[in-house]
Structure formats: structure tokens, C-alpha cells
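The values are calculated or read from the model by the stated rules, or taken from the named source; none is laboratory data. Predicted model, so just to flag it, every value in this text is computed and none were measured. All Cβ positions, even for glycine, are placed from backbone atoms using ideal geometry, and neighbour counts span all protein chains on display.
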Amino acid sequence: MATNPMQRRSRNSFLLGMLITTLVLGAIIAGLVFMMMQMQNTQQELQAATVYVLNKDVQSGGNITTGDLTAVKVSRSVAPSNAASMTTITEAESKNNNEEETNSSVVAKINISRGTILTTDMLGLADSQGNDVRKQQYNTIVLPMDLITGDFVDIRLLLPSGQDFIVVSKKKVEIPQIAGVDSTDTISIELSEDEILSMSNAIVEAYMINGSKLYAAKYIDAGNQEAATPTYPVNGEVARLIENDSNIVNTALNALRARYNRDIRENYINSTIAGQEGATENEQTKMEESITNSQTSREQYLQSLSGAATVEE
């Protein structure tokens with residue numbers, strides 16, 4: 001049936017109005033959806049927290065640096081309230097050495113597996129070594145049967161009288177390898193100048209006193225256990241050498257002065273040495289044995305390197 005022009009215009013106006021209304025409603029709905037998504041994302045960001053996880057396994061007492069950490073986002077509801085921040089690590093790494101103060105490094109108090117979220121309870125601060133620190137190798141120390149690289153030890157001197165002195169404390173052990181096999185009698189430890197002199201003194205006196213023992217004692221939980229206070233008093237000659245050694249900082253000198261006990265030195269250690277028959281000869285013999293063992297180990301090490309090079313060629 002034919003429609004007149006008025007009806008046709010009316011219908012077209014109605015359809016156009018419906019289309020415009022639909023478009024406007026669609027735009028409003030799309031805007032609301034977009035706003036809701038933005039609000040949801042903002043809420044999720046507010047509810048998220050940045051935590052740091054290890055990208056490798058770290059043993060108790062081991063150092064942790066910024067390179068060992070990876071930042072991850074987690075829900076704030078599951079993030080530990082004591083989660084460690086990057087600031088703890090970066091501040092420890094940025095401190096500078098001076099004569100009175102050494103750097104601090106962050107260490108693990110417990111064994112921490114890769115991927116674990118770090119918390120402040122897992123971390124501790126340990127003084128790093130100063131400019132006078134050197135790596136020393138010793139083959140004169142009685143070692144624990146189960147000692148491995150990475151363990152921490154005190155080096156102690158036991159006298160026949162039963163007195164037991166701590167020479168140096170809480171040193172991280174590295175066991176040298178020859179052809180991939182751990183040495184059975186040699187360890188490497190890092191020592192400051194005063195500790196090197198104390199160890200040298202203790203080694204000589206251990207050689208001179210029959211029945212004495214210079215031995216390593218392991219820490220069972222290095223991350224949580226504080227370093228023991230050394231108690232071994234060096235002899236007068238070494239004490240004077242230490243006093244005049246410019247490589248030894250004031251803090252170490254003060255600690256050595258406080259440790260020195262004239263009565264213990266004279267009445268126990270010196271008197272024990274004086275009572276030893278052939279003490280000087282014992283010391284010379286043992287020192288020669290130590291030098292021979294070191295030379296033999298060195299030759300074996302070089303031979304292992306030569307053999308490896310030959311295989312690679």
C-alpha cells in the first residue's frame with residue numbers, strides 16, 4: 001500500500017532517532033566498560049606489591065648482591081609483611097671502606113632456594129674484608145672429616161694442658177682442587193694482615209709443642225651464628241711486629257691489645273714451649289714437611305693443568 005510523503009518522513013525520522021539513540025547508548029556503555037576496566041586495573045595495581053626473589057640458591061652465610069635478585073609482582077594479600085627491599089642490598093654495596101670502618105655485605109642467615117621471596121628475617125649484615133685481606137693457603141691444620149667449600153670455621157690451637165685458643169674466627173673455607181679432586185689437607189681462607197701474623201705465630205708454636213693441635217671447628221649455622229672472639233695471644237715478638245705494621249688498621253690493633261694476656265702467655269704458652277725438649281728442631285722439621293707438601297701439591301696442580309690442556313688440544 002502506498003504511503004504518503006508525511007508518513008514516510010515520520011517513519012524515517014523515527015528510525016533515525018532509534019539509530020542515534022542506539023549509538024549514544026552504545027557509546028555510553030562502552031565508556032562505562034572502559035572506566036570499569038581502568039578502575040579494576042588501578043585497583044589491582046593498588047593491591048599488588050613488588051617483592052624480590054633469588055635467581056639462584058644461596059647457602060647459609062653466603063653473600064647476596066643485587067645481581068642475585070629478581071623483582072616480581074604479587075598480590076598484596078600474599079606478600080610477606082617483612083618482605084626485603086632492594087634498598088637493603090644497595091646500601092650495603094655502596095658503602096666505602098676507610099681505616100676505621102669496613103664495608104657491610106648482605107648475607108643469608110639460612111639456606112635459601114632459588115625463587116624464594118626474600119624477607120628481612122632471612123638476611124643479615126656481615127663486615128666485608130678490608131684492603132689488607134689476602135687469600136692464604138694452609139696445609140698444617142687438622143680439618144673436619146666433612147668439611148666442604150663454603151663452610152665457615154674457627155681456627156683453634158689446643159695445647160697439651162687442655163687450653164684451647166681461638167686464633168682466627170668465622171672464616172669461609174675454599175678447598176683447592178687438583179684434577180677435579182678436592183685436596184685432603186689444604187684449605188684457602190681470606191685473612192687480614194693481623195690475622196696472617198696470628199696464624200703464622202700459632203703454626204710455629206703448634207710445631208714446637210708436642211701434643212698440641214691446630215685445628216678447624218665448623219659453624220653449624222653460619223648465617224645466624226656470630227663470629228667468635230679470638231682469644232689466642234701472640235708472642236712478644238709478633239706483638240711488636242703488629243704494632244709497627246702500617247697495614248694493620250687501628251681497630252685490629254685495639255682488638256689485639258685487648259686480647260693479649262701476659263699471664264696466659266707467660267704461664268701457659270711460653271712455659272709449655274720452654275719445657276719442650278727439642279722444640280726448635282720440631283718446628284724446623286714440621287716446617288720443612290709443610291713446605292715439601294706445598295711444593296708437591298703445586299706440582300700436582302700444574303701437572304693437572306698441563307694434562308687438561310693436552311686433552312683440549
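A few comments on the model shown:
- Qualifying residue in the range 139-162 (condition: aromatic (Phe, Trp, Tyr), over 18 Å from Asn63 (Cα atoms) and buried (at least 17 other Cβ atoms within 10 Å of the Cβ)): no
- Test: residue in the range 57-70 that is in a helix (DSSP H, G or I), of a type in the set (Gly, Ala, Ser) and modelled with pLDDT of 80 or more: yes
- Scope the range 206-224; condition in contact (Cβ under 8 Å) with a residue 12 or more places away in the chain and out of contact with any Leu (no Cβ under 7 Å at 6 or more places or on another chain); matching residues: Tyr207, Met208, Asn210, Gly211, Ala217, Tyr219, Asp221, Ala222, Gly223, Asn224
- In the range 218-236, the residues that are surrounded by 15 or more Cβ atoms within 10 Å (Cβ to Cβ) and either not aromatic (Phe, Trp, Tyr) or not assigned by TED's automatic domain parsing to the domain that holds Leu147 (or both): Lys218, Ala222, Gly223, Ala227, Pro230, Thr231, Pro233, Val234, Asn235
- You will find that of Ala279, Ala228, Ala308, Ala222, the residue that is of a type in the set (A, V, I, L, M, F, W, C), modelled with pLDDT under 75 and within 30 Å of Gln177 (Cα to Cα) is Ala308 and no other.
- Among (1) surrounded by 14 or more Cβ atoms within 10 Å (Cβ to Cβ); (2) modelled with pLDDT under 80 - the single one Leu197 does not satisfy: (2)
- Where a residue in the range 155-178 is in the same structural domain as Thr229 (by TED's automatic domain parsing) and over 10 Å from Ile189 (Cβ atoms) and its partner, wherever it lies, is of a type in the set (Lys, Arg) and modelled with pLDDT under 90, with Cβ under 9 Å and at least six apart: Arg156/Lys213; Leu157/Lys213; Leu158/Lys213; Leu159/Lys213
- The residues of the range 161-208 that are within 30 Å of Ala274 (Cβ to Cβ), polar (S, T, N, Q) and part of a loop (DSSP other than H, G, I, E, B), listed by number, are Ser161, Gln163.
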